[in-house]
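The values are calculated or read from the model by the stated rules, or taken from the named source; none is laboratory data. Every value quoted in this text rests on a predicted model; they were computed, and no experiment measured them. Cβ: placed from backbone, ideal geometry, glycine included. Neighbour counts: every protein chain shown. Surface areas here come from the heavy atoms of the whole protein model, side chains and all, with no ligands, DNA or RNA. Shrake-Rupley method; radii C 1.70, N 1.55, O 1.52, S 1.80 Å.
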Amino acid sequence: MKKLLYLPALFILFQHTASGQDSKIAVRVDSVLKLMTLQEKVGQLNQYSGRVVTGPVNDQKTNMLNDIQQGNVGSMLNVKGVKDTREIQAVALKSRLKIPLLFSLDVIHGYKTVFPVPLAEAASWDLDAIRASAHVAARESAASGIHWTFAPMVDVGRDPRWGRVMEGAGEDTYLGSLIAAARVKGFQGDHLGGTDAIMACAKHFAAYGAAIAGRDYNAVDLSDQQLWQTYLPPFKAAVDAGVATFMNSFNTINGVPATGNSYLQRTILKGKWNFNGFVVSDWGSIGEMVPWGFATDLKDASLKAITAGSDMDMESLAYKNNLVQLVKEGQVKIELIDDAVRRILYQKFLLGLFDDPYKFSDAGREKKVMNDKTSYLVARDIAQKSIVLLKNTKELLPLQKAVKNIVVIGPLAKAKRDLEGGWIVESDTTKVISLYEGLLARAGKANISFIKGCDISGTDQSGFPAAVAAVQQADVVIMALGESFEMTGEATSRADLSLPGVQMELFKAVKAAGKPVVSVLMAGRPMIFNEIAEQSDAILYAWYLGEQGGTAIANVLYGDYNPSGKLPSTFPRSVGQIPLSYQVYNTGRPVKNPKDIKYKSAYIDELNSPRYAFGYGLSYTSFSYTGLTLSAPDMTQDGKVQLSFTLKNTGKYAGAEVVQLYLRDLVSTVVRPLKELKDFQKVMLKAGESKVITFSISKEKLAYYNHDLNFVAEPGFFSLMVGSASDDIRLEAKLELK
Ligand code: BGC
């Protein structure tokens, strides 16, 4: 653990090494830096929040506008819209050096157009659709004065008690890395500087998803091997995709707060990965090093944070009030301040703000982009792709013409705000299509009736009799159940993952009436719903799908869209299994027969297996996997082997299958999990159509971080597995690495 200790001497400064354009900007950055006083330099490292508050209020702040005019602020968060950003930018332009402000916002899943929550989008396994969603969000934000989003969140999350799993891409490092890159490219476009691109921010660096017991803001205890193998790769993928900024995080890692962590920010990010952007703290996280017991006061916290590589202070006011003094006392070298300022000015130049500080605040463009009548189609497309079909007994779905009477029951059937999901920029429920409305629009001559039955939370069961009575007339019952939008996102850890309130009782009462029940479950995390899983005739996991949610669900229910989503997270059977991922170990005492568990690695009161496995998701059609071949039975370190097989659509509908390649290193110096996802393809096939699918295996797929944290592929045998889910492997072969 030596490496994670606080290392004041270790810092790596910003280097201007890139293209001709970059060095031109670097010259301009230096020309500004030369003119700046120490106070003005520190000002660039200070970020204030506007009217909207997304964390604890800092009551030290006095006159924000005056501070901006004095050059004491480099960036604002939570200010948006052409009017407001123009007004505040005008104040910054009254400062001595007229350095423009950066406006930032949490654009998590859409700006005006509300897309599915990030975890839902991850269920699409569709990188183009994910990139397109981020791109629309960027275009709309960039037309509304925003330069910078605090997204994507690339934290691997394996604990659904942690409410922030909603903001990420699920549990898997490989899938999460590809999605991280897709989102960065979606936000930033081909390059920054265009008016439809904003800076992305890979957060929260690092390992926030491993907070102990799923409790937000908690400590993280993690081996270096797990850090490198599981939690860091999505961040590296973001760097490789050109991400402009990073945000550090609230958690400690093995005792050292991420915000004051030189190993993470200097050695790895700015050193080994040569990241040339800048790092913003999380909300108040520099100040929080005091209650953590890592710093004596804000001055000490500032010293530790700037030394460790945190360039910008979000809302702690620690840098603003202490850095000048620390430099004067010789505790902080001016080179450290210059480095942080350079990084920030560099991005301001890259965005074009020195040439036109109002470039992103153009009322004409704002109006035009916000009224773009095509953006909702992008939202509908990915909403359909995000839905996961968990169960479909006797092909109840898609609904057939013979279904004349549909009764829709449940507190989420007419919900609109919940469909938008947590953490949106602004709610506009007039645009949101509820499940009920989506069905009404699609159902043609069928009768659709609605009974709420109960609220999301609370104990009131007085609506049950009406619900049960209504069911008597139904050919099919659709139940819309789940969490409220406020139950996931920041500060929403739950210790109990069952359906809130009396929803499960409502389900049982309705189901007892004996009609076919389709459960449509909405949430921002994997919930636990065992009776629904066992007793429903069909189940759609519909997350929070955004403004087009109702249409998307109706399209899937009627088969206009054949579901293709696959779970990006394991769904446990009980809270006691958490944290649970498909990446389990065989152990020395594996369970071969669930009836024989004595002295085996098992629970006496629960199965080891999840309710639904990572990668699982059904389709209205079926697929066969046949004829696996390897181009060679073995390969050398610099060789390549092609794995091929035939995928056939054996059902009666056209559909997309996400074929997944997993691997196990059978004997290794650090024990590897039973399966690790190494590749996948989303393949669209017409009914009866088949296609030869090929995956290329090279050393990178076989390698992992060993004890010395070297990324190595060790000679020996590997099991290669191809399947439709992590627990539905259809074909298997052995490969030897020589
Ligand atoms: C969250 C960040 C967010 C920031 C600004 C913090 O509380 O952890 O993810 O970007 O607030 O709103």
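Just checking, how many residues over segment 193-217 are assigned to a loop (DSSP other than H, G, I, E, B) and either more than 13 Å from the ligand (Cβ to nearest atom) or crowded, with 24+ Cβ neighbours inside 10 Å (or both)? Step through it out loud before you land on a result.
Applying the first criterion (assigned to a loop (DSSP other than H, G, I, E, B)) to segment 193-217 yields 193, 195-198, 200, 206-207, 211, 215-217.
Keeping just the survivors that are either more than 13 Å from the ligand (Cβ to nearest atom) or crowded, with 24+ Cβ neighbours inside 10 Å (or both) gives 193, 195-198, 200, 206-207, 211, 215.
Looking only at that region, the number is 10.
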*asked:* Filter segment 280-307 down to the residues that are in a loop (DSSP other than H, G, I, E, B) and over 18 Å from residue 217 (Cα atoms) and list them by number.
replied: 296, 297
*State all residues of segment 366-396 that are open to solvent by less than 50 Å² (accessible area, probe 1.4 Å) and in a helix (DSSP H, G or I); if no residue qualifies, say none.*
366, 369, 370, 375, 378, 379, 382, 383, 384, 385, 386
*Quick check: is even one residue across segment 147-155 surrounded by 24 or more Cβ atoms within 10 Å (Cβ to Cβ), of a type in the set (Asp, Glu) and within 16 Å of the ligand (Cβ to nearest atom)?*
yes
*May I ask you to list the residues in segment 76-106 that are more than 25 Å from residue 247 (Cβ to Cβ), in contact with a helix residue (DSSP H, G or I) (Cβ under 7 Å, 6 or more places away or on another chain) and of a type in the set (Gly, Ala, Ser)?*
95
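Within 28 Å of residue 388 (Cβ to Cβ), open to solvent by 60 Å² or more (accessible area, probe 1.4 Å) and not assigned by TED's automatic domain parsing to the domain that holds residue 398: is that true of residue 653 in this structure? Write out each step before concluding.
Working: within 28 Å of residue 388 (Cβ to Cβ): yes; open to solvent by 60 Å² or more (accessible area, probe 1.4 Å): yes; not assigned by TED's automatic domain parsing to the domain that holds residue 398: yes.
Here the answer is yes, as residue 653 does meet what is asked.
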_strands (runs of 3 or more DSSP E) completely within segment 621-709 that count 3 or more residues being out of contact with any His (no Cβ under 7 Å at 6 or more places or on another chain) and within 18 Å of residue 583 (Cα to Cα)_ = 655-665, 676-685
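Hey, could you check segment 415-426 for residues that are assigned to a loop (DSSP other than H, G, I, E, B) and in contact (Cβ under 8 Å) with a residue 40 or more places away in the chain and say which is nearest to residue 502 (Cα to Cα)?
415
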*Only strands (runs of 3 or more DSSP E) wholly contained in segment 447-532 count here; list those with 2 or more residues that are under 29 Å from residue 167 (Cα atoms) and among the small types (Gly, Ala, Ser).*
476-482
*Could you list all residues from segment 109-129 that are touching a strand residue (DSSP E or B) at 6+ places or on another chain (Cβ under 8 Å) and open to solvent by less than 10 Å² (accessible area, probe 1.4 Å)?*
118, 123, 125
*Going through segment 515-530 one residue at a time, which ones are in contact with a helix residue (DSSP H, G or I) (Cβ under 6 Å, 6 or more places away or on another chain) and open to solvent by 10 Å² or more (accessible area, probe 1.4 Å)?*
515
*In segment 140-150, is there at least one residue being touching a helix residue (DSSP H, G or I) at 6+ places or on another chain (Cβ under 8 Å) and free of Cβ contacts under 8 Å to residues at least 60 places away in the same chain?*
yes
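Applying the selection to segment 291-320, what residues are among the polar types (S, T, N, Q) and in contact (Cβ under 8 Å) with a residue 24 or more places away in the chain?
Here is the first cut: in segment 291-320, the residues among the polar types (S, T, N, Q) are 296, 302, 307, 310, 316.
Correct list: 302, 307, 310, 316.
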*asked:* Kindly evaluate residue 362 against the criterion of being away from the ligand (no atom under 16 Å from the Cβ), open to solvent by 20 Å² or more (accessible area, probe 1.4 Å) and of a type in the set (Asp, Glu).
replied: yes
*Filter segment 220-251 down to residues that are open to solvent by 10 Å² or more (accessible area, probe 1.4 Å) and hydroxyl-bearing (Ser, Thr, Tyr) and give me whichever is nearest to the ligand (Cβ to nearest atom).*
231
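Under the condition of being of a type in the set (Ser, Thr, Tyr) and in contact with a Phe, Trp or Tyr (Cβ under 7 Å, 6 or more places away or on another chain), which residue from segment 264-306 is farthest from the ligand (Cβ to nearest atom)?
To start, the set of residues in segment 264-306 that are of a type in the set (Ser, Thr, Tyr) comprises 267, 281, 285, 296, 302.
Still in the running and in contact with a Phe, Trp or Tyr (Cβ under 7 Å, 6 or more places away or on another chain): 285, 302.
Values: 285: 8, 302: 19 Å.
The selected residue is 302.
Return the only residue of 190, 221 being under 21 Å from residue 278 (Cα atoms) and out of contact with any helix residue (DSSP H, G or I) (no Cβ under 6 Å at 6 or more places or on another chain).
When all the criteria are applied, what remains is 190.
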*Would you mind telling me which numbered condition in (1) surrounded by fewer than 24 Cβ atoms within 10 Å (Cβ to Cβ); (2) touching a residue at least 40 places away in the same chain (Cβ under 8 Å) residue 272 fails?*
(2)
*Hey, does segment 120-142 have a residue that's within 16 Å of the ligand (Cβ to nearest atom) and touching a Pro at 6+ places or on another chain (Cβ under 8 Å)?*
yes
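With 484, 498 as the choices, which residue is surrounded by fewer than 21 Cβ atoms within 10 Å (Cβ to Cβ) and touching a residue at least 24 places away in the same chain (Cβ under 8 Å)? So that I can check it myself, show each step before the final result.
Details: 484 fails: surrounded by fewer than 21 Cβ atoms within 10 Å (Cβ to Cβ).
Testing whether each residue is surrounded by fewer than 21 Cβ atoms within 10 Å (Cβ to Cβ) and touching a residue at least 24 places away in the same chain (Cβ under 8 Å) leaves just 498.
Report, by residue number, each residue of segment 401-421 that is modelled with pLDDT under 95 and of a type outside the set (D, E, K, R).
Quick first cut of segment 401-421, residues modelled with pLDDT under 95 only: 401-402.
Once the filter is applied, which keeps residues that are modelled with pLDDT under 95 and of a type outside the set (D, E, K, R), segment 401-421 yields only 402.
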